[in-house]
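Some notes on the structure that comes next.
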Amino acid sequence: MEKYVPVVVIKEMSETDKILTALKKNGINTAEITFRTACAAEAIAYACKNYPDMNIGAGTVINAEQCEAALAAGAQFIVSPGLSVAVANICKERNIPYYPGCVTPTEIMQALELGITTVKFFPANVYGGLKAMKALAAPFPQIKFIPTGGVDRSNIDEFLAWEKIEAVGGSFYVAEALAKLGE
């Protein structure tokens, strides 16, 4: 996985090319397309077909049905705001990376029991950010984190400097890439 994971919300299919082209021009080859919109599965299928060199995943996947739809569309990884055992089992069965949201010791223990060692830490700014992740890493040295929520240019370097950060997620990547494209 790349160090940067843009959280991409595609409200209309016409936005897909513009957003993915902007990300690529900014050297980002990963996109977590959220399942928050009616066209999410269609956008993932389109992205996988038309941007084969990008790592296209599905975000905001909250149940088995969405997971199945995302995988049928071609998603190469799955991200959830919380931990779903059903989603974890589907991903494990199909050998697809799954990054569930885990912010408590209990959630991390459950992820470990499911064989998951990289978790999304969301919303990072609400749950204590880097300080909280460092505290959680003490009893769980095998865990790596993908902080999302409240991560931006003002604090990204601090996150990336810590060896337990697998990647940093955020919607700000999309806004930045689109702004640069407009220059």
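Observations, loosely collected:
- The chain - share of DSSP beta bridges that are antiparallel (%, nearest 5): 0
- The charge dipole of the chain, taken about its Cα centre with unit charges on the Cβ of Lys, Arg, Asp and Glu (plus for the first two, minus for the last two), comes to roughly 200 debye.
- Compactness of region 3-89, taken as the C-alpha radius of gyration over 2.2 N^0.38 Å, stands at 1.00.
- Dipole of the chain computed with +1 at Lys/Arg Cβ and -1 at Asp/Glu Cβ about the Cα centre; of Ile108, Thr30, Ala73, farthest Cα towards the positive end is Ile108.
- Summarising the amide proton neighbourhood of Phe35: residues at separation of 5 or more, or on other chains, whose placed amide H is nearer than 5 Å comprise Gly59, Thr60, Val61.
- Note: relative contact order over region 1-79, using C-alpha pairs below 8 Å and six or more positions apart, is 29 percent.
- Simple spin-label estimate for Lys92 and Glu65 gives 2.4 nm between the two label positions (7 Å along the Cα-to-Cβ direction from each Cα).
- Solvent-accessible area, 1.4 Å probe, carbon plus sulfur percent, for region 1-137: 52
- Amide proton proximity set for Val168, modelled H, under 5 Å, gap of 5+: Tyr4, Val5
- Taking all protein chains into account, the per residue accessible area for the chain stands at 46 Å² (1.4 Å probe).
- More than 16 Å apart - percent of Cα-Cα pairs taken over region 83-183: 57
- Mean shadow area of the chain over all directions, Cα convex hull, nm²: 9.8
- Candidate lysines - alpha carbon under 23 Å from Lys180, same-chain residues fewer than 8 apart omitted: Lys3, Lys11, Lys18, Lys24, Lys25
- Length released on extending from Glu42 to Val126, taking residue separation times 0.36 nm less the Cα-Cα span: 27.1 nm
- Cα lying deepest toward the dipole's positive end in the chain, options Val85, Leu181, Ser14, charges on Cβ: Leu181
- Using a simple spin-label model with pseudo-atoms 7 Å out from Cα toward Cβ, Ala72 and Leu112 lie 3.7 nm apart.
The values are calculated or read from the model by the stated rules, or taken from the named source; none is laboratory data. Bear in mind that the values here come from a model prediction, so they are computed numbers and not experimental data. Note: ideal-geometry Cβ built from the backbone for every residue, glycine included; neighbour counts use all protein chains shown. Surface areas here come from the heavy atoms of the whole protein model, side chains and all, with no ligands, DNA or RNA. Shrake-Rupley method; radii C 1.70, N 1.55, O 1.52, S 1.80 Å.
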